[in-house]
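*Asks:* One structure, pasted below without further comment.
The values are calculated or read from the model by the stated rules, or taken from the named source; none is laboratory data. None of the values given here were measured: they were computed from a predicted structure. Backbone-built Cβ (ideal geometry, glycine too); neighbour counts: all protein chains shown. Each accessible area value is taken on the protein alone, full model and side chains, heavy atoms only, with ligands, DNA and RNA left out. Shrake-Rupley method; radii C 1.70, N 1.55, O 1.52, S 1.80 Å.
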Amino acid sequence: VDTPGHADFGGEVERVLKMVNGVLLLVDAAEGCMPQTRFVLQKALQQNLSLVVAINKIDRPDARIKEVIDEVLYLLMDLGATDEQLDCPMLFCCGRDGTASLDPDVPGTDLIPLFDTLLSTIKPPEGDPEAPFQMLVSSVDYNDFVGRIGIGRIQNGVAKVGEEVVVCDWHNPDLKMRGRLTKLYDFQANGRQPCDNITAGDIVAFAGLPDISIGNTVCDPSKVAPLPFVKINDPTVEMTFSVNDSPFAGKEGKYVTSRQIRERLYRETLKDVSLRVTDLEGATDSFNVAGRGEMSLSILIETMRREGYELQVGQPQVIFKEIDGVKCEPIEELTISVPEEFASKMIDMVTRRKGEMVSMETQGDRVNIEFDMPSRGIIGLRTNVLTASQGEAIMAHRFKEYQPYKGDIPHRTNGSMIAMESGTAFAYAIDKLQDRGKFFIYPQDEVYAGQVVGEHVHENDLVINVTKSKKLTNMRASGSDEKARIIPPVIFSLEEALEYIKEDEYVEVTPKSMRMRKVILDETERKRANKN
């Protein structure tokens, strides 16, 4: 019961939960309820889904079963669970041995008690198999062999391979698209299996409709009736993706050309309906990529680098709109759940970034604070929130609306320290320059001219030579043999690097490395560009 980074990209969590009738909450018998469990579980309880709790790894020597049972009950009460949800069945499992039991003191022999509990507790799917076919598409996928795939649960009726259907949409009454279901897939275990027909209540995937999208309703031609659905949010943040042109380009990546990057980005749009990819005017190797928030794009970048792609990306920029002649920016509903002692820090941190507190509610020993906040302010906020709350904060945000521009938001004011020439960074040079700022590299790292190797203590950029080595001599003098005392460098994650860079900087991303650099690597060219 979790979601990457607890970010609800345009209501994806709600869309997935609408396809199911219940939730299995799996809790570690030693670690107990983790902070990240709260977000999705709260969404599930709000939709009044049936709940089954399984406490796993009861065979661990450090298992504390009774304490974990109390933690689960406290968590459910904190999230406002109903009496029925609080009275949910609880099982005690050992996943390694494949056993489950209803009593922690009685060892299990197999997993039959867990399966029986799921069947008896989770409500059966609703729907009329005799009614005309009707299905709401809640997610999409893509396959190179069959094209775009729609995923959802059958509301009514039965569908078969080769059957003609009509696609309509609750938010677009003019949409009436005809097609045929060429493939049907049933979900079994961790994969999908082809099947010939599907009936009401089944969660299925289908192919044959190349333009299908989230929120569309697939109907029988005899009765075209769209089902209500939350509208998909438009992109709010955009970034520039381009071919890596640094001196280290092509050393680590498998896919490095603009054609390969373009194909990969456009292929991603087939399964992410909120992503927008366009070629930049006047450029053959750069693309504008817009998505729902910085985290959505950073997940795409991380996926691409793991697949072997090599690229460089620019600073995230919020997409502004002009409404009735007024410059407007995207505002998001931000919810932060923290222990009570950190609440004041969260409020101060968010209000400094133009956030406005909407409500504050105490639940148990935690505080839920809701804000209306510009998307610009959320960029770079997550790391600061987790640091200030010692990792206890649960942060979720989703797009609300466009509102008039809120004004400037303070960001990094320190300049960058930039490598003067290419080579190997030496501890001797770094030691002599440590009073100028914080470094991002280790001694013996390979650097190139124009690479951002640290943060300057002042506002201006500083070009430094980190490749300068100690000159050897046969003369000995006092102090000549002093050891270099190097302060450990600051190491950025991908998201931290994206929120750190300035407008004239890139993040170079390869399968093995991540570096920050200036857009213009040559120092003379940078000075000439700044004058213009």
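*Asks:* Going through the range 301-339 one residue at a time, which ones are free of Cβ contacts under 8 Å to residues at least 12 places away in the same chain and touching a Cys at 6+ places or on another chain (Cβ under 9 Å)?
*Replies:* Within the range 301-339, the subset free of Cβ contacts under 8 Å to residues at least 12 places away in the same chain is 303, 322, 324-325.
Across the range 301-339, the qualifying residue is only Glu322.
*Asks:* I would also like to ask the following. Which numbered condition trips up Cys88, out of (1) part of a helix (DSSP H, G or I); (2) under 16 Å from Leu24 (Cβ atoms)?
*Replies:* The failed condition is (1).
*Asks:* Residue check: is Ala44 over 17 Å from Arg153 (Cβ atoms) and either of a type in the set (Gly, Ala, Ser) or at pLDDT 80 or above (or both)? Write out each step before concluding.
*Replies:* On the way: over 17 Å from Arg153 (Cβ atoms): no; either of a type in the set (Gly, Ala, Ser) or at pLDDT 80 or above (or both): yes.
The answer is no for Ala44.
*Asks:* I've got another one for you. Any residue in the range 263-275 that is at pLDDT 90 or above, part of a loop (DSSP other than H, G, I, E, B) and either in contact with a Leu (Cβ under 7 Å, 6 or more places away or on another chain) or surrounded by 14 or more Cβ atoms within 10 Å (Cβ to Cβ) (or both)?
*Replies:* The answer is no; no qualifying residue exists.
*Asks:* Here's something else I'd like to know. Taking the range 301-323 only, how many residues are assigned to a loop (DSSP other than H, G, I, E, B) and β-branched (Val, Ile, Thr)?
*Replies:* Result for the range 301-323: 1.
Yes/no per residue for (1) aromatic (Phe, Trp, Tyr); (2) in a strand (DSSP E or B):
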site: Thr278; (1), (2): no, yes
site: Glu281; (1), (2): no, no
site: Phe287; (1), (2): yes, yes
site: Glu294; (1), (2): no, no
site: Ile299; (1), (2): no, no
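*Asks:* Also, quick follow-up: Given (1) in contact with a helix residue (DSSP H, G or I) (Cβ under 8 Å, 6 or more places away or on another chain); (2) surrounded by 17 or more Cβ atoms within 10 Å (Cβ to Cβ), identify the lone condition not met by Leu102.
*Replies:* (2) is the only condition that Leu102 fails.
*Asks:* Let me ask something else about it. Of all residues in the range 489-520, which are open to solvent by 40 Å² or more (accessible area, probe 1.4 Å), among the hydrophobic types (A, V, I, L, M, F, W, C) and closer than 22 Å to Gln444 by Cβ?
*Replies:* Val490, Ile491, Phe492, Met514
*Asks:* Consider Phe426 carefully, then state whether it is surrounded by 18 or more Cβ atoms within 10 Å (Cβ to Cβ) and over 30 Å from Ser298 (Cα atoms).
*Replies:* The answer is yes for Phe426.
*Asks:* If only one of Arg382, Arg398 is farther than 30 Å from Val452 by Cα, surrounded by 18 or more Cβ atoms within 10 Å (Cβ to Cβ) and basic (Lys, Arg), which one is it? Write out each step before concluding.
*Replies:* Numbers: Arg382 fails: farther than 30 Å from Val452 by Cα.
Answer to the selection: Arg398.
*Asks:* Quick one: Tyr309 ticks every box in (1) out of contact with any His (no Cβ under 9 Å at 6 or more places or on another chain); (2) at pLDDT below 90 bar one, so which box is it?
*Replies:* All conditions are met except number (2).
*Asks:* Within the range 409-421, count every residue that is closer than 18 Å to Ile520 by Cα and either open to solvent by 70 Å² or more (accessible area, probe 1.4 Å) or over 35 Å from the mean Cα position of the chain (by Cα) (or both).
*Replies:* 2
*Asks:* Shifting gears a bit: Looking at (1) of a type in the set (A, V, I, L, M); (2) at pLDDT 85 or above; (3) surrounded by fewer than 21 Cβ atoms within 10 Å (Cβ to Cβ); (4) over 22 Å from Gly201 (Cα atoms), which is the only condition Leu49 fails?
*Replies:* (4)
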